[in-house]
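Trainee: My questions will all concern the structure given below.
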Amino acid sequence: MSTNSAVYQADSDLKQTARAAPKKQLISDTVYSVLLIAPALVLILFFALIPLGYAINVSFRFADLTSPRGVDNYVGLENYHFVLNDDFFWEAAQRTLFFAVIAVAVEMIAGVAIAFLLHEMRWFKGITRSLIILPLAASPVAVGLIWRNMYHPDFGVYNYLVSLLGISEQNWLGDPDLAMYSVIIFDVWQWTPFVILITLAGLQALPKEPFEAAQLDGASTWRVLRTLTFPMLTPVLTLVFVLRTIDAIRLYDAVFSLTSGGPGTTTEVLTYYLYRTGLRFFRMDRASAMALLFLYVTVVFTGLVMRRFMRNIAARTRQMAS
Amino acid sequence: MIRKLAILALVFALALVIAPRPVTPAKAQDVTITWATIAGFYTDWAEEVARQYEESTGVNVEIIDIDFPSLYENQVLEAVADTGAYDILTYDVGWKAEFSESGYLLPLDDYIANADPAVIAFDDISPALTETTSKWRGKTFGLPYYTFTMGYFYRCDLFENPDEMVAFEAEYGYPLGIPQTYEQLADIAEFFRREPGETLAGKTVEADFYGIGLMAARAPHVQDEINSIAWSWGYKVIEDDGTPGVTSEGFLKAVNLYVNELLPYAPPGATSSAFDQVVAQMRQGLIAQTAAFYLDQYPNMVKTEEEVEGARICTAPAPGAHTWVGAFGLGVSSDSEHPQEAFDFVAWLAGPEAQRAFAAGGGSTSRVSILTDAAFIAEHPLTAGHYPTLQFVLDHTAKSNFYPNYLFVPQGGKIYDEMTTWYSAAASGDESPEGAMEKMAEAIERQCDGLCEIANDALGENYTPVPMPFDYETFLASGAYDIDVWIANQGN
């Protein structure tokens with residue numbers, strides 16, 4: 001008996017049993033499913049949808065929390081008009097994009113490369129994996145403060161380390177040309193392990209048969225990578241890429257603890273500018289408009305990437321089913 | 001059986017829930033007041049004295065530690081939402097106008113009038129500090145408890161070295177000494193910059209030595225330094241007519257002096273340094289001087305004497321003596337459920353008894369009776385060695401009646417944040433001084449929504465902030481710059 005016919009037989013037996021002994025269900029499957037997800041829905045409603053609705057409302061009002069008017073009348077699209085014509089907003093958006101592109105690219109390339117190396121390791125794989133995970137476990141703000149001192153030109157260890165390479169002393173966080181790269185280095189240190197872990201899990205889950213067949217056929221390493229490994233890893237890498245990109249454009253903790261957006265405004269990314277507008281200047285109307293524009297861009301980006309990703313998954317599922 | 005037991009348990013549980021409880025009268029111990037304050041040294045000390053207060057009064061004091069950069073927004077958010085989360089607010093002088101004007105703080109005049117004058121001893125608080133920290137539109141909104149008034153720290157061992165004195169006078173044409181102007185400060189900064197292999201006070205320098213330490217990072221200190229230069233020259237962040245003054249020729253000169261004549265002689269990390277890094281630079285023997293710098297850091301600065309061979313730390317007013325004068329104030333939140341208890345604690349904490357304990361622990365008190373207590377200072381030279389200088393600065397400020405307009409603008413807290421950004425931009429080279437000040441002017445106008453309203457009515461109709469020359473002769477004669485000299489002079 002083939003596997004398919006065995007499954008069919010088992011299914012048919014089950015149906016017959018059900019018919020033979022009809023039992024009244026207390027609640028329907030639909031109600032049961034709704035009950036199961038209800039707690040999560042309530043949480044999402046309270047902690048995501050209601051605040052989102054409130055933010056949308058505030059973005060169309062005048063809302064200066066420290067003025068006597070507080071949250072006041074509707075002003076139409078005035079806040080969106082202000083934000084879209086605000087040079088500081090666009091400059092912060094450019095910095096955010098620059099950060100996200102460089103940081104995510106470096107993290108993806110380094111993370112995948114290290115994951116391949118780890119995958120091939122024969123000894124100490126477990127310990128190495130545990131050590132690599134440490135930066136992920138640390139609080140970004142706490143580690144950021146430690147890194148701030150390590151970066152300091154007068155007391156920090158980094159200038160000593162680069163001097164061993166014959167590179168002159170650098171003002172890591174105080175030089176406008178270097179500060180953003182210093183934040184990127186910190187982010188790469190903290191988040192590359194995430195890419196490594198997920199990629200490594202993906203590599204370990206790949207079926208062995210195609211690779212053994214390729215080896216028997218005498219395929220080169222590059223050809224195996226190009227035609228087998230990377231295509232099979234694509235869903236995992238896409239997911240990692242999306243998660244890292246979303247996280248990178250939400251960058252806040254590292255900037256807060258390392259540079260406070262400085263020197264000047266050179267590391268003032270969008271979330272930090274948003275924080276200042278909303279929680280330093282208390283212009284909740286403008287901050288809400290900014291946050292919604294920011295959310296819109298993130299959702300569109302995620303939607304575009306994930307649509308392709310979901311299409312691939314669906315195609316693969318259909319292929320396997322047939 | 002099991003069913004009966006379950007019913008019995010349920011009845012018992014219900015009885016426990018609905019049974020009337022004995023009513024106990026509210027005791028003082030039932031009152032808890034919360035105090036939002038700055039995490040760090042300030043809180044460590046406060047924890048100790050708050051426990052003493054609890055023991056003597058029975059009122060519980062819950063201290064909420066908040067990092068200084070987040071203190072402003074946390075307090076404003078709670079005040080705006082009217083949550084009553086904090087009974088006592090801690091504020092910087094720049095926030096006083098905003099906190100008072102917006103109704104976050106209760107006016108304390110009636111409470112003060114009804115309080116025991118011996119506990120408050122209001123007249124004992126330095127007038128400069130009541131003006132900057134307590135008063136708003138003729139009313140009292142808080143009491144100062146910790147002054148961070150700025151001054152000047154220098155390595156007097158280097159300044160008194162005969163070789164250095166001769167070399168300086170030969171190069172600049174006047175004797176080396178406490179700088180009385182910012183131009184002199186720049187000369188001294190340039191003079192003391194030494195590269196490895198050069199000589200400093202007769203010894204060969206092994207590592208780079210810098211003429212000045214500066215807090216030029218994007219942290220809330222860079223504005224205190226640059227504003228001090230501008231104020232000492234009489235230039236204002238906000239003009240008397242409410243327009244931004246930061247693009248005026250004189251103000252730009254002050255910013256340029258900082259960027260072009262002081263920063264080049266500071267350690268390379270200056271643009272990523274806050275106050276604690278400058279203290280570390282001094283204690284590592286990297287810098288010769290720093291101004292304007294918080295005098296309350298004396299207990300940390302003086303440790304240089306233990307850590308750097310032959311070093312001696314002296315203090316003086318920042319050049320011109322018109323600088324960032326003020327204190328952290330304590331006020332009662334207008335949404336406090338226990339305003340009287342909160343006020344009582346504020347009055348006690350800012351009062352003579354607690355302030356003396358505070359001073360003995362290394363705090364910079366706001367009380368004149370302690371700042372001028374020679375016996376107390378002689379007993380605590382390592383923690384109170386800056387008091388004579390501090391008293392000179394406070395006295396000078398009160399006599400000159402010079403309080404920058406910026407302190408009397410309700411948007412002070414927000415403008416303070418903008419200053420950090422744009423002064424940092426100028427200092428780091430992210431923007432030219434002129435470009436940075438243009439952007440700061442725009443930011444000030446945006447925060448004030450046009451012209452800033454200067455509510456300096458408390459200072460009288462004819463009030464115009466004009467700097468007054470500082471009496472360096474009296475200061476030098478007193479020996480206040482060197483605590484050992486000052487103590488010796490007290491005996492004469």
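The values are calculated or read from the model by the stated rules, or taken from the named source; none is laboratory data. Predicted model, so just to flag it, every value in this text is computed and none were measured. Cβ: placed from backbone, ideal geometry, glycine included. Neighbour counts: every protein chain shown. SASA here: full protein model, heavy atoms, side chains in, ligands and nucleic acids out. Shrake-Rupley method; radii C 1.70, N 1.55, O 1.52, S 1.80 Å.
Trainee: When B:Ile226 is evaluated against the numbered criteria (1) over 24 Å from the mean Cα position of the chain (by Cα); (2) in a helix (DSSP H, G or I), which criterion, by number, is the only one it fails?
Mentor: Condition not satisfied by B:Ile226: (1).
Trainee: All but one of (1) in a loop (DSSP other than H, G, I, E, B); (2) in contact with a helix residue (DSSP H, G or I) (Cβ under 6 Å, 6 or more places away or on another chain) hold for B:Glu337; state the number of the condition that does not hold.
Mentor: Among (1) in a loop (DSSP other than H, G, I, E, B); (2) in contact with a helix residue (DSSP H, G or I) (Cβ under 6 Å, 6 or more places away or on another chain), B:Glu337 violates only (2).
Residue by residue, here is whether (1) closer than 15 Å to A:Ala100 by Cβ; (2) at pLDDT 95 or above; (3) assigned to a helix (DSSP H, G or I) holds:
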| site | (1), (2), (3) |
| --- | --- |
| A:Ala214 | no, no, yes |
| A:Thr227 | no, no, yes |
| A:Pro231 | no, no, yes |
| A:Arg244 | yes, yes, yes |
| A:Gly264 | no, yes, no |
| A:Leu279 | no, no, yes |
| A:Ala287 | no, yes, yes |
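Trainee: Quick one: which of A:Asp247, A:Asp253 is open to solvent by 10 Å² or more (accessible area, probe 1.4 Å), within 14 Å of chain B (Cβ to nearest Cβ), acidic (Asp, Glu) and within 20 Å of the chain's Cα centre (by Cα)? Explain how you work it out, then say what you get.
Mentor: Details: A:Asp247 fails: within 14 Å of chain B (Cβ to nearest Cβ).
Going through A:Asp247, A:Asp253 in turn, the sole match is A:Asp253.
Trainee: Open to solvent by 10 Å² or more (accessible area, probe 1.4 Å), under 23 Å from the mean Cα position of the chain (by Cα) and within 14 Å of chain A (Cβ to nearest Cβ): is that true of B:Ser232 in this structure? Walk me through it before giving the result.
Mentor: Details: open to solvent by 10 Å² or more (accessible area, probe 1.4 Å): yes; under 23 Å from the mean Cα position of the chain (by Cα): yes; within 14 Å of chain A (Cβ to nearest Cβ): no.
No: the conditions fail for B:Ser232.
Trainee: Then there is this: Looking only at segment B:137-154, which residues are in contact with a Lys or Arg (Cβ under 8 Å, 6 or more places away or on another chain) and open to solvent by 10 Å² or more (accessible area, probe 1.4 Å)? Step through it out loud before you land on a result.
Mentor: Filtering segment B:137-154 for residues in contact with a Lys or Arg (Cβ under 8 Å, 6 or more places away or on another chain) gives B:141-142.
Scanning segment B:137-154 gives a single hit, B:Phe141.
Trainee: Return the total of residues in segment B:265-282 being open to solvent by 20 Å² or more (accessible area, probe 1.4 Å) and without any contact (Cβ under 8 Å) to a residue 24 or more places away in the chain.
Mentor: Total satisfying the criteria: 3.
Residues are listed down the side, and each one gets a yes or a no for (1) surrounded by fewer than 14 Cβ atoms within 10 Å (Cβ to Cβ); (2) over 26 Å from B:Ser428 (Cα atoms):
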{"site": "A:Ser163", "(1), (2)": "yes, no"}
{"site": "A:Asp175", "(1), (2)": "no, no"}
{"site": "A:Ile198", "(1), (2)": "no, yes"}
{"site": "A:Gln204", "(1), (2)": "yes, yes"}
{"site": "A:Glu212", "(1), (2)": "yes, yes"}
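Trainee: Can you work out which of the residues in segment A:269-278 that are over 16 Å from B:Met440 (Cα atoms) and touching a Ser or Thr at 6+ places or on another chain (Cβ under 9 Å) is nearest to the other protein chains (Cβ to nearest Cβ)?
Mentor: Looking only at segment A:269-278, we keep the residues that are over 16 Å from B:Met440 (Cα atoms), and these are A:269-272, A:274-275, A:278.
Pick out the ones that are also touching a Ser or Thr at 6+ places or on another chain (Cβ under 9 Å) and you get A:269-272, A:278.
Numbers: A:Val269: 14, A:Leu270: 15, A:Thr271: 15, A:Tyr272: 11, A:Gly278: 9 Å.
Among those residues, the one meeting the criterion is A:Gly278.
Trainee: Another question about this same structure. If you check B:Asp430 against the conditions, is it more than 12 Å from chain A (Cβ to nearest Cβ), open to solvent by 10 Å² or more (accessible area, probe 1.4 Å) and of a type in the set (Asp, Glu)?
Mentor: Numbers: more than 12 Å from chain A (Cβ to nearest Cβ): no; open to solvent by 10 Å² or more (accessible area, probe 1.4 Å): yes; of a type in the set (Asp, Glu): yes.
Here the answer is no, as B:Asp430 does not meet what is asked.
Trainee: Oh, and also: Given the criteria of a type outside the set (Val, Ile, Thr) and not assigned by TED's automatic domain parsing to the domain that holds B:Gly40, does B:Tyr416 qualify?
Mentor: Details: of a type outside the set (Val, Ile, Thr): yes; not assigned by TED's automatic domain parsing to the domain that holds B:Gly40: yes.
Answer is yes for this residue.
Trainee: Go through segment A:76-90 and give me each residue that's buried (at least 16 other Cβ atoms within 10 Å of the Cβ) and out of contact with any Ser or Thr (no Cβ under 6 Å at 6 or more places or on another chain).
Mentor: Just the residues of segment A:76-90 that are buried (at least 16 other Cβ atoms within 10 Å of the Cβ), to begin with: A:78-80, A:82-83, A:86, A:88-89.
Listed by number, the residues that qualify are A:Glu78, A:Tyr80, A:Phe82, A:Val83, A:Asp86, A:Phe88, A:Phe89.
Trainee: With the checklist (1) in contact with a Gly (Cβ under 8 Å, 6 or more places away or on another chain); (2) not in a strand (DSSP E or B) in hand, flag the one item B:Pro144 doesn't pass.
Mentor: In the conditions (1) in contact with a Gly (Cβ under 8 Å, 6 or more places away or on another chain); (2) not in a strand (DSSP E or B), B:Pro144 misses (2) alone.
Trainee: Conditions first: (1) touching a helix residue (DSSP H, G or I) at 6+ places or on another chain (Cβ under 6 Å); (2) farther than 29 Å from A:Leu178 by Cβ; (3) of a type outside the set (Phe, Trp, Tyr). A:Leu293 passes all but one, so which condition is the exception?
Mentor: (1)
Trainee: If you don't mind, there's one more thing I want to ask. For the condition at pLDDT below 95 and closer than 30 Å to B:Glu438 by Cβ, what is the one hit in B:Gly234, B:Gly245, B:Gly213?
Mentor: Working: B:Gly245 fails: at pLDDT below 95; B:Gly213 fails: at pLDDT below 95.
When all the criteria are applied, what remains is B:Gly234.
Trainee: Another question, if that's okay. Please work out which one of (1) at the interface with another protein chain (Cβ under 9 Å from one of its Cβ atoms); (2) surrounded by fewer than 23 Cβ atoms within 10 Å (Cβ to Cβ) is the condition A:Thr265 fails and give its number.
Mentor: (2)
Trainee: Which of the helices (runs of 4 or more DSSP H) contained wholly in segment A:110-161 include at least 2 residues that are more than 14 Å from every other protein chain (Cβ to nearest Cβ) and open to solvent by 60 Å² or more (accessible area, probe 1.4 Å)? Show your work before the answer.
Mentor: Values: elements: A:125-132, A:134-137, A:140-151.
Once the helices (runs of 4 or more DSSP H) in segment A:110-161 are filtered for at least 2 residues that are more than 14 Å from every other protein chain (Cβ to nearest Cβ) and open to solvent by 60 Å² or more (accessible area, probe 1.4 Å), what remains is A:125-132, A:134-137.
Trainee: Could you tell me whether B:Ala443 is within 14 Å of another protein chain (Cβ to nearest Cβ), among the aliphatic types (A, V, I, L, M), surrounded by fewer than 24 Cβ atoms within 10 Å (Cβ to Cβ) and touching a helix residue (DSSP H, G or I) at 6+ places or on another chain (Cβ under 9 Å)?
Mentor: Details: within 14 Å of another protein chain (Cβ to nearest Cβ): yes; among the aliphatic types (A, V, I, L, M): yes; surrounded by fewer than 24 Cβ atoms within 10 Å (Cβ to Cβ): yes; touching a helix residue (DSSP H, G or I) at 6+ places or on another chain (Cβ under 9 Å): yes.
Answer is yes for this residue.
Trainee: Do we have A:Val236 as open to solvent by 50 Å² or more (accessible area, probe 1.4 Å), of a type in the set (A, V, I, L, M) and more than 14 Å from chain B (Cβ to nearest Cβ) here? Outline the logic, then answer.
Mentor: Values: open to solvent by 50 Å² or more (accessible area, probe 1.4 Å): no; of a type in the set (A, V, I, L, M): yes; more than 14 Å from chain B (Cβ to nearest Cβ): yes.
It is false that A:Val236 is open to solvent by 50 Å² or more (accessible area, probe 1.4 Å), of a type in the set (A, V, I, L, M) and more than 14 Å from chain B (Cβ to nearest Cβ).
Trainee: If I ask for residues that are crowded, with 21+ Cβ neighbours inside 10 Å, within 12 Å of chain A (Cβ to nearest Cβ) and not aromatic (Phe, Trp, Tyr), which ones from segment B:72-98 would you list?
Mentor: Within segment B:72-98, B:Gln75, B:Val76, B:Ala79, B:Ala97, B:Glu98 qualify.
Trainee: Which count do you get for residues in segment A:156-173 that are within 9 Å of B:Gly269 (Cα to Cα) and of a type in the set (A, V, I, L, M, F, W, C)?
Mentor: Final tally of qualifying residues: 2.
Trainee: Then there's this: So, in segment B:283-292, of the ones that are under 15 Å from B:Leu200 (Cα atoms) and open to solvent by less than 10 Å² (accessible area, probe 1.4 Å), which residue ends up nearest to the other protein chains (Cβ to nearest Cβ)?
Mentor: B:Ile287
Trainee: Let me ask you something else. Run A:Gly53 past the list (1) open to solvent by less than 40 Å² (accessible area, probe 1.4 Å); (2) in a helix (DSSP H, G or I); (3) within 14 Å of chain B (Cβ to nearest Cβ) and report the number of the one that doesn't hold.
Mentor: For A:Gly53, the exception is condition (3).
Trainee: Please verify whether segment B:105-125 includes one or more residues that are away from chain A (no Cβ under 14 Å), in contact with a Lys or Arg (Cβ under 9 Å, 6 or more places away or on another chain) and within 12 Å of B:Gly329 (Cβ to Cβ).
Mentor: Within segment B:105-125, the first condition is being away from chain A (no Cβ under 14 Å), and the residues that meet it are B:106-125.
Keeping just the survivors that are in contact with a Lys or Arg (Cβ under 9 Å, 6 or more places away or on another chain) gives B:107-109, B:121, B:124-125.
Applying the additional criterion that residues be within 12 Å of B:Gly329 (Cβ to Cβ) yields B:108, B:125.
Yes - at least one qualifying residue is present in segment B:105-125.
Trainee: Answer yes if at least one residue in segment A:297-320 is open to solvent by 40 Å² or more (accessible area, probe 1.4 Å) and in contact with a strand residue (DSSP E or B) (Cβ under 9 Å, 6 or more places away or on another chain), and no otherwise.
Mentor: No; the residues of segment A:297-320 include none that is open to solvent by 40 Å² or more (accessible area, probe 1.4 Å) and in contact with a strand residue (DSSP E or B) (Cβ under 9 Å, 6 or more places away or on another chain).
Trainee: Quick one: which of B:Thr57, B:Thr140, B:Thr83, B:Thr133 is over 21 Å from the mean Cα position of the chain (by Cα), under 30 Å from B:Ile415 (Cα atoms) and of a type in the set (Val, Ile, Thr)? Quick ask: steps written out before the conclusion?
Mentor: Details: B:Thr57 fails: under 30 Å from B:Ile415 (Cα atoms); B:Thr140 fails: over 21 Å from the mean Cα position of the chain (by Cα); B:Thr133 fails: over 21 Å from the mean Cα position of the chain (by Cα).
On inspection, the qualifying residue turns out to be B:Thr83.
Trainee: Can you find, within segment B:33-71, the residue that is nearest to B:Trp95 (Cα to Cα) among those that are within 14 Å of another protein chain (Cβ to nearest Cβ) and among the small types (Gly, Ala, Ser)?
Mentor: In the first step, residues of segment B:33-71 are kept if they are within 14 Å of another protein chain (Cβ to nearest Cβ); the result is B:39-40, B:66-71.
With among the small types (Gly, Ala, Ser) added as a condition, the list becomes B:39-40, B:70.
Working: B:Ala39: 18, B:Gly40: 20, B:Ser70: 13 Å.
The qualifying residue nearest to B:Trp95 (Cα to Cα) is B:Ser70.
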